[in-house]
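The block underneath contains the structure these notes are about, expressed in structure tokens.
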Amino acid sequence: TLSPSSAASDVYKRQVFGFEDCPWCQQLYPVLDKVLNEYNEKAYYVDTHKENFTSQDRDNLKKYIQEKTKFDDVVVPLLVMISEDGTYQYHVGTLEGHDAPKEQLTVSQEKELKNNLENMILKYKKE
């Protein structure tokens, strides 16, 4: 289940960064919510366009992204899972090559995305 978060400084075990009008977010969230519900997990949603997401929060997120991912700026949707031992995984967008503003996920793309997210949860639960 996606739960609203008041700030990026909340517990970072499973965080989802995005914003309401983001086309990729709109297509990722329902699939992610299904997976989270199936595994009885929660993720905390951080809206990167809300007033309570401060410039300091953005700077912290940007620094994290630059250190931990292949990206050099804030990208959304960004799902981050951090295990107790500090290992992390991340997922950006929906699927490689999917152009969310122009197309909805197909049934097979949605299955692939669901599988990718399930694999993240299973790996997270093992660590």
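The values are calculated or read from the model by the stated rules, or taken from the named source; none is laboratory data. The model shown is predicted, which means the values in this text are computed figures rather than measured ones. Because the Cβ atoms are built from the backbone with ideal geometry, glycine has one as well, and the counts that use them run over all protein chains shown. With ligands, DNA and RNA removed, areas are computed over all heavy atoms of the protein, side chains included. Shrake-Rupley method; radii C 1.70, N 1.55, O 1.52, S 1.80 Å.
Structural remarks
- Output for the stretch 89-127, where each listed residue is open to solvent by 80 Å² or more (accessible area, probe 1.4 Å) and assigned to a strand (DSSP E or B): none
- The residue list 94, 54, 69 contains one member that is in contact with a Phe, Trp or Tyr (Cβ under 6 Å, 6 or more places away or on another chain), of a type in the set (S, T, N, Q) and at pLDDT below 95, which is 69.
- Each residue in the stretch 63-88 was checked for being more than 12 Å from residue 18 (Cα to Cα) and part of a loop (DSSP other than H, G, I, E, B), and 10 of them qualify.
- Members of the stretch 93-115 found to be at negative phi and touching a Pro at 6+ places or on another chain (Cβ under 7 Å), listed by number: 100, 101
- Condition met for residue 78 (within 17 Å of residue 29 (Cβ to Cβ), in contact (Cβ under 8 Å) with a residue 60 or more places away in the chain and out of contact with any Lys or Arg (no Cβ under 8 Å at 6 or more places or on another chain)): yes
- Among the residues listed as 85, 57, 47, 33, the single one being at negative phi and open to solvent by 60 Å² or more (accessible area, probe 1.4 Å): 85
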